[in-house]
Amino acid sequence: MTLWYLARAAGIVAMIMFTLSAALGMVMSGSRRPERRFWLQYVHRSAAATGLVLLTTHVIAVITDSFVAISPTVLLWPFGAGYRPFAMVVGVLALYGIVLTSVVGAARGRLARSASFAKHWRTIHIAASVGWLLSIGHALLAGTDRGTPWMLAITIGCLTAVGAAGAYRVRATTSPNLARAWRAQ
């Protein structure tokens, strides 16, 4: 049962860390002050790295735990999972999106010299947002605690945090433009 508790805890805290990273990423892009952006980016990347470590722990604990009987092949063929196959598909797609963005993000410094890469970075980075949203879906579909009030509160809190950060970003990026357009009329 220890692996099962570890898998659950690692999955939940990974979701919280990815939520923090997503929210900070949105807030950061709406910030105009360079010193604030530096610290937000530092915490954004740290939360994402912590989330990756916890995600790895979650996957390893689930695969090695005999209580659930999920094999490593679920990472390549999630439809074959004996335990909630659709939820496993959602979780594996979330994993792919988050890992893709992490690998490309880790190489971003070297690739940034390429104008083509710099132009496409935001598009690639959307995979992390999709991965985050799918991880919320995975938690709601696969988690054994998904119906408990505390887990629903955590999930709603994660959705609220990213929603609020998204609203802040939209407001921060459109307000000056709307104000200028309004004054020009």
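The values are calculated or read from the model by the stated rules, or taken from the named source; none is laboratory data. Computed from a prediction, not measured in an experiment: that's the story for all the values here. Ideal geometry is used to build each Cβ from the backbone, glycine not excepted, and the neighbour counts take in all protein chains shown.
What the table shows:
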| read-out | value |
| --- | --- |
| Subset of segment 155-185 (residues that are polar (S, T, N, Q) and either modelled with pLDDT of 90 or more or assigned to a helix (DSSP H, G or I) (or both)) | T155, T160, T173, T174, S175, N177 |
| Selected residue (criterion: farthest from H58 (Cα to Cα)) from residues of segment 1-36 that are of a type outside the set (V, I, T) and under 10 Å from the mean Cα position of the chain (by Cα) | A23 |
| Qualifying positions in segment 30-67 - surrounded by fewer than 17 Cβ atoms within 10 Å (Cβ to Cβ), in a helix (DSSP H, G or I) and of a type outside the set (A, V, I, L, M) | P34, E35, R36, R37, F38, W39, Q41, Y42, R45, S46, T56, T64 |
| Single residue of segment 1-29 satisfying the filter (out of contact with any His (no Cβ under 7 Å at 6 or more places or on another chain) and without any contact (Cβ under 8 Å) to a residue 40 or more places away in the chain) that is surrounded by the most Cβ atoms within 10 Å (Cβ to Cβ) | M17 |
| Residue ID - surrounded by the fewest Cβ atoms within 10 Å (Cβ to Cβ), chosen from residues in segment 88-142 that are in contact with a Lys or Arg (Cβ under 7 Å, 6 or more places away or on another chain) and touching a residue at least 40 places away in the same chain (Cβ under 8 Å) | L141 |
